[in-house]
Protein chains: 4
Amino acid sequence: MRGNTFGEFFSVTTFGESHGIALGAIVDGVPAGIDLSVDQIQKALNRRRPGQSAITTSRAEGDQVELLSGVFEGKTLGTPICGIVRNHDQRSKDYDPDYMRAGHADRVWQEKYGIRDWRGGGRASGRETLSRVLAGAIAETVLPAEIRIVGFARQIGLIEAVNIPQDLSREQVDEHSTRCPDPQAAASIEQDLLDCKANGDSRGGVIEIWIDGCPIGLGEPVFRKAKALLPGALMSVGAVVGVTLGDAIEDSRKPGLEFHKGVSGAVNESGASGSTSPDRAGISPAANGIQGGLTNGERIVLRAYFKPASTVGSMATTGRHDPCIVPRAVPVLEAMCAMTLADLFLAARLDRSSSGG
Amino acid sequence: MRGNTFGEFFSVTTFGESHGIALGAIVDGVPAGIDLSVDQIQKALNRRRPGQSAITTSRAEGDQVELLSGVFEGKTLGTPICGIVRNHDQRSKDYDPDYMRAGHADRVWQEKYGIRDWRGGGRASGRETLSRVLAGAIAETVLPAEIRIVGFARQIGLIEAVNIPQDLSREQVDEHSTRCPDPQAAASIEQDLLDCKANGDSRGGVIEIWIDGCPIGLGEPVFRKAKALLPGALMSVGAVVGVTLGDAIEDSRKPGLEFHKGVSGAVNESGASGSTSPDRAGISPAANGIQGGLTNGERIVLRAYFKPASTVGSMATTGRHDPCIVPRAVPVLEAMCAMTLADLFLAARLDRSSSGG
Amino acid sequence: MRGNTFGEFFSVTTFGESHGIALGAIVDGVPAGIDLSVDQIQKALNRRRPGQSAITTSRAEGDQVELLSGVFEGKTLGTPICGIVRNHDQRSKDYDPDYMRAGHADRVWQEKYGIRDWRGGGRASGRETLSRVLAGAIAETVLPAEIRIVGFARQIGLIEAVNIPQDLSREQVDEHSTRCPDPQAAASIEQDLLDCKANGDSRGGVIEIWIDGCPIGLGEPVFRKAKALLPGALMSVGAVVGVTLGDAIEDSRKPGLEFHKGVSGAVNESGASGSTSPDRAGISPAANGIQGGLTNGERIVLRAYFKPASTVGSMATTGRHDPCIVPRAVPVLEAMCAMTLADLFLAARLDRSSSGG
Amino acid sequence: MRGNTFGEFFSVTTFGESHGIALGAIVDGVPAGIDLSVDQIQKALNRRRPGQSAITTSRAEGDQVELLSGVFEGKTLGTPICGIVRNHDQRSKDYDPDYMRAGHADRVWQEKYGIRDWRGGGRASGRETLSRVLAGAIAETVLPAEIRIVGFARQIGLIEAVNIPQDLSREQVDEHSTRCPDPQAAASIEQDLLDCKANGDSRGGVIEIWIDGCPIGLGEPVFRKAKALLPGALMSVGAVVGVTLGDAIEDSRKPGLEFHKGVSGAVNESGASGSTSPDRAGISPAANGIQGGLTNGERIVLRAYFKPASTVGSMATTGRHDPCIVPRAVPVLEAMCAMTLADLFLAARLDRSSSGG
């Protein structure tokens, strides 16, 4: 499996340069008979699309998806699904083939391959994530409806969201152009990003993702544990510089007796739903929905850290760059989680002899 | 590729339960003609071995490796290398089949597979990492000698190392049973861990890994970037709950203009060695040796966050559990980095048409 | 790797239903810097295209390829190459959703997936091979120019070609609509196939493929030997019911002393180019270019056996079906060989430590 | 996946040189909860073992298997199963490092890797197939009991078996040292092979394999069809020079109207068991249990052609070489079929959304 393919069971191969003819993805491994429409995918792409508000790039991409294969009369065929999005508003004349942008992949890419598509970063462009969102929308149709994946901007620059409802939905998140669902923090962030745009400054931040409703036991020890694949998937997105389960930084400092408090020892009653006491005993406060690398049915909390956007200074004031990619990255990270879980969900069908023997 | 296999080009499959007959690994993809001896591997295993000091478990495992295949007259044959380590000091009578240890994988494992080897965690035991160290030692023979991977305990509990020499070596790290190479911090940590052992408490911490001497361009966009594979590999090790490139938490808060300061704009002079100015310009302070997901030749700094060890309370005072696994995990994380880089190093041979066409 | 992906190093994923929007392939693993044009691929597709002569289906497909990614200014970028061909002349009204054609995959496909694209066989259609030819054309650009792959109709029905020049070229083969380069046999076959069309009869046959100029040592023991991958690749093409190295049927009957005659014993002179005597000693007459599963530099001869085309009787006289698919299958089998060899050729770059260490 | 690994879902990696410390296999992907004992595997190995009769090599290998992992209290754990067999009777002094045996892989192996284990062929030895038989025995426990795989010597040299009972069992086959279950042919073959041993001659032949009881729909279009994987798997065994579905040679010559006779057109009655008429209509006589690349529930007949054994002349009379490997290859080919079907059987669990969604 080469670097453009993700997943062993739910298997996605993406393609396309930012200023080429088209971008897209082939998704193989989708079981037959699942309802899937172009609209579902288009709706997902629209959430990633630039040009949605004053704080994002003014590049209007359109991003209309076309499904070339794998779906027939509204249902998946069990064959590969290929979706493509043609490029339109490319303005490659904004780029100079002899100019390697600092803070970007231009130079290392050139050294690695001896050639590069210099028009906007080619495949190293953030536009590549479009294919991930496309595939993520398909992944969500494979997952049980109970699984909910909701991401939001937890922090942008120095401003942190503190009031987040426990039953947060994507709709609530999308009400804010910042994708920060704490209204007070959102307002501060919005002003901060407008200032950034004016000053050629940029911001990093933190996206937090909540995954609820996972079946118990997703993950394939020892290298494809849920706790390894999910962070690895998120880290593959440009500008993500760290991923933690919950607040790992805090947890690494806690004494064990405090950290594991409330874990009432052994779990040996049959029938107990993954915990030792009526509420949620047996599940360590920092289990974060994953134990021994496997999902335990509880909420998984992931935090992805972003460095500040690379385009700063005079170039950043031209209006075609986001001062902070965190808001638009939310659906991208959700997509990566969906792809990972779809892969593990299908893998788990093979765990036991009884389920198919 | 199932969950017990790691890597596409340098490909490792591990096996073995903690209280079974043996553990080990098959490594496929090692080029022919490389010098490899049992001693090299044994030396690596010895660094992971428990029972080395007052602050680790007293379980004396021996861990003698035997190479069954793939090496002939001191050189690799280009065929799979199988190494095994037999289990001896197992004491499975310490375990109870009906007892599921809280904070461990026991319950989810049972729910997933409907069966488990209850003797000490089976394959979910930390003893599984022995196979990783074995494979990591082989990976290091594949890598160019210039690549140096050195890990150390940056923080244990609340105590953080601050004085670390820039040319740190494994030998310097191993001088300390804590694997914290700041003597003052090491002394405090040692005392803290002895107190933990007495009180049934445990500690988490942070391992920091420095990778130097990487060739430019390791990584396979867009899913197998160096910045995705390295953290994913580290996250697959039990108790690691987060991985960041450098200090991602800090970086996520910095303004872009400050973060990218010193990046003197474009890199367009041919012949420049990956930077725009005499010292290290063009490389963002937080590039951390990786740009666009690819290695750029500079030092890569990884931080892996550990939660406190799971065995606390009365069971922790029996002497057969580490109050903190961070010291012993250092060679395990180094091994995961070596395996990842060996995989990407071999992959990079295929980047260009000229190198083999 | 799922069933729509071929190859580990030169990795092809195909997609598309015969009467869907489009068919195509993504090719990942193509090294950067290789010359590649749409014309090269179009030329290959034209050789597969139906409607070329009186003896093939009258379905005129056009089959114009469009390259969406991976090529920039006439050179490969090292990124995935996606090529697509839109469907036009589909006439799905010729098909009946409730009718399962005997001798076709309709029923088993329906039983497997619970759904199928009944319009012309969906992905089980011979039209799927278009993606293989597309990928094969790209594979040929990866291979050294010395490697020549030439296929031809050795036998159709009962008529066998006997006079074949040893330096046969594709151009010579393509001079005949039957792709049988023995003029006398070709004339008989042409008449036989016209009779078939009139009578609703069909023919099977044998395609023979000659591969010359292979470097020594292609193949990855023990499961990905050249002698396993090449036949496996050919067998994946519909209607192929057997593949042999040379004349395996004859060879299986020969006494060893006769079969291995001319093999002058040991090969121990250094410097000898794979043979023990000036001409070609040391190479068994039936080595067929492969020894121990690896290419030995000599010509590889493959024979692929085809069963008679499945559409017979009244349906076969409508003019939209080939009475024999052997002629049109020649470029498909050549493509499968090119894909296989490209995969093994890239893999061989990793054999030795010296080539990249 | 490198060349020593077979299968994507039921995944086998083999290792070991013929005169090294040990050979073996790791099998990953075996579902948890399956009954598996060392005895089952040992019994399979015993069927492959040399030194069983006057017509095989006198090398007495013993071949005692040891299971190192993956099985606990008689059941599979869902973790990798590693089995090894130590080498004993190696006599490497029979071999000369500077001597490259004609007809063997010695030279190409040396050219490929620049090094080889010259003691008896290293990994290119037939002894490598031991690992396949080991893995095949495990594969059989994964398959439903209804699937029966029985191979036998159909032809050795010029002598062909003609009277074979339709309900042939392995026990019946094993009654004959030739593994030819036609007593008259068996007697002739036995005499012929004794003559070969005396004269330093050798024989090739044909192994026929009957697979019964397959569920409908095994195979993963378009590259991992049952009809591609099974022959590819058999071709990976040394000395196999061709594989056909049924009598492909004969079928390639038949007129379509005759070949497809009895196929009464469409299959459109719901509930019909894969056929259009009372007996077995709808299934073409040459369907051979596979249609459109997928199993259709009928018997699959495979024929594997072997060239004559390579060791001829004076070396062949030393008594340590089989004059014909066909008899001992029967369990090896059965194992390859079992591994292939186990891989496809597990894959088929993922075909539809309803089975796990």
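Annotation: amide H of D:Phe72 within the under-5 Å range of D:Leu77, sequence separation 5 or more or interchain, hydrogens built in the peptide plane.
Across region D:237-247, computed HN-Hα scalar couplings (Karplus, 6.51 cos²θ - 1.76 cosθ + 1.60, θ = phi - 60°) run 7, x, 6, 6, 10, x, 9, 10, 7, x, 9 Hz from first to last residue, x flagging Gly and Pro. 3J(HN,Hα) along region C:110-118, derived from phi through the Karplus expression 6.51 cos²θ - 1.76 cosθ + 1.60 where θ = phi - 60°, amounts to 4, 5, 6, 9, x, 7, 7, 7, 6 Hz, with x in place of Gly and Pro.
Please compute the per residue accessible area over the protein assembly as shown with all protein chains in place, 1.4 Å probe, rounded to a whole number of Å². Walk me through the intermediate numbers first.
Numbers: 43750 Å² over 1428 residues.
Each residue of the protein assembly as shown exposes 31 Å² on average to a 1.4 Å probe.
Taking amide hydrogens as placed 1.01 Å from N in the peptide plane, the amide H of D:Gly242 sits under 5 Å from those of C:Leu245, D:Tyr305, each at least 5 positions away in sequence or on another chain.
B:Met315 label point (Cα plus 7 Å toward Cβ) to equivalent points in the other copies: 5.5, 6.0, 6.5 nm, shortest first.
What total accessible area, in Å², is buried where chains A and D meet, using a 1.4 Å probe and rounding to the nearest 100? Before the final figure, lay out each step's value.
Values: alone 17180 and 17160 Å², together 33050 Å².
Rounded to the nearest hundred, the buried surface is 1300 Å².
Just need the relative contact order of chain A here, percent rounded to a whole number, with Cα pairs under 8 Å and 6+ apart. It would help to have the intermediate numbers written out before the result.
Working: 700 pairs, mean separation 77.8, N = 357.
Computed value for chain A: 22 percent relative contact order.
Distances between equivalent label points of D:Ser53 across the copies, with each point positioned 7 Å along Cα→Cβ, amount to 5.1, 6.6, 8.0 nm, shortest listed first.
How big is region B:153-269 by the Kirkwood estimate over distinct Cα pairs, in Å? Numbers along the way, then the final one.
Working: mean 1/r = 0.0581 Å⁻¹.
Radius from the Kirkwood sum: 17.2 Å.
Bridges between two residues of chain D, per DSSP, are antiparallel at a rate of about 100%.
Defining a contact as two alpha carbons under 8 Å apart and six or more residues distant in sequence, what relative contact order in percent does region A:130-240 show?
Details: 104 pairs, mean separation 33.2, N = 111.
Relative contact order here is 30 percent.
Rounded to the nearest 20 debye, the dipole magnitude of chain A is 720 debye, with +1 charges on Lys and Arg beta carbons, -1 on Asp and Glu beta carbons, and the Cα centre as origin. Which entries in the list B:Lys227/B:Lys254; B:Lys112/D:Lys75; A:Lys43/B:Lys254; A:Lys43/A:Lys75; D:Lys254/D:Lys307; A:Lys75/D:Lys227 go over 23 Å, if you measure between the two C-alpha atoms of each? Flagged as over cut-off: A:Lys43/B:Lys254; D:Lys254/D:Lys307; A:Lys75/D:Lys227. Using just its DSSP H runs of length 4 or more, each adding -39500 (n - 2.57), chain B gives a mean residue ellipticity at 222 nm of -8000 deg cm²/dmol after division by all residues. For chain D, the longest principal axis of the Cα atoms and the long axis of helix D:129-142 meet at an angle of about 30 degrees.
Whenever you get a sec, compute what percent of the accessible area on region C:139-182 sits on carbon and sulfur atoms (1.4 Å probe). Could the numbers behind the result be given before it?
Working: 890 of 1890 Å².
Whole-percent figure for carbon plus sulfur exposure: 47.
Peptides D:229-237, D:212-220 ranked from most to least packed by the mean count of surrounding Cβ atoms within 10 Å: D:229-237, D:212-220. Couplings 3J(HN,Hα) of region D:181-193, computed from phi: x, 9, x, 5, 4, 4, 4, 5, 4, 4, 5, 4, 6 Hz, in residue order, whole Hz [Karplus 6.51 cos²θ - 1.76 cosθ + 1.60, θ = phi - 60°; x for Gly and Pro]. The alpha-carbon atoms of region C:59-178, seen along their principal axes, cover 50, 47, 27 angstrom, with the largest extent given first.
Here D:Val38 yields copy-to-copy label distances, from shortest upward, of 2.2, 6.3, 6.6 nm, the label point defined as 7 Å from Cα along Cα to C-beta. Under conditions of 25 °C and 0.890 mPa s, chain B yields 114 µm² s⁻¹ as its translational diffusion coefficient, taking Rh as the Kirkwood radius over Cα pairs in the Stokes-Einstein equation.
Summing Lys, Arg as +1 and Asp, Glu as -1, what charge do residues with Cβ under 13 Å from the Cβ of D:Asp192 carry, D:Asp192 excluded? If you can, show how the numbers build up before the last one.
Values: positive: C:Arg253, D:Lys197, D:Arg203; negative: D:Glu160, D:Glu190, D:Asp195, D:Asp201.
Counting the neighbours of D:Asp192, the net charge comes to -1.
In the protein assembly as shown, the inverse of the mean reciprocal separation of distinct Cα atoms equals 32.5 Å; this is its Kirkwood hydrodynamic radius. What longest range of chain B stays clear of loop-exposed GluC sites (Glu not before Pro) (DSSP non-H/G/I/E/B, at most 15 other C-beta within 10 angstrom)? Within chain B, the longest run free of exposed GluC sites (Glu not before Pro) spans B:176-268.
The values are calculated or read from the model by the stated rules, or taken from the named source; none is laboratory data. Being a predicted model, the structure only gives us computed values, none of them experimental. Every residue, glycine as well, gets a Cβ built from its backbone with ideal geometry; the counts of neighbours run over all protein chains shown. Calculation scope for accessible area: heavy atoms of the full protein, side chains included, ligands and nucleic acids excluded. Shrake-Rupley method; radii C 1.70, N 1.55, O 1.52, S 1.80 Å.
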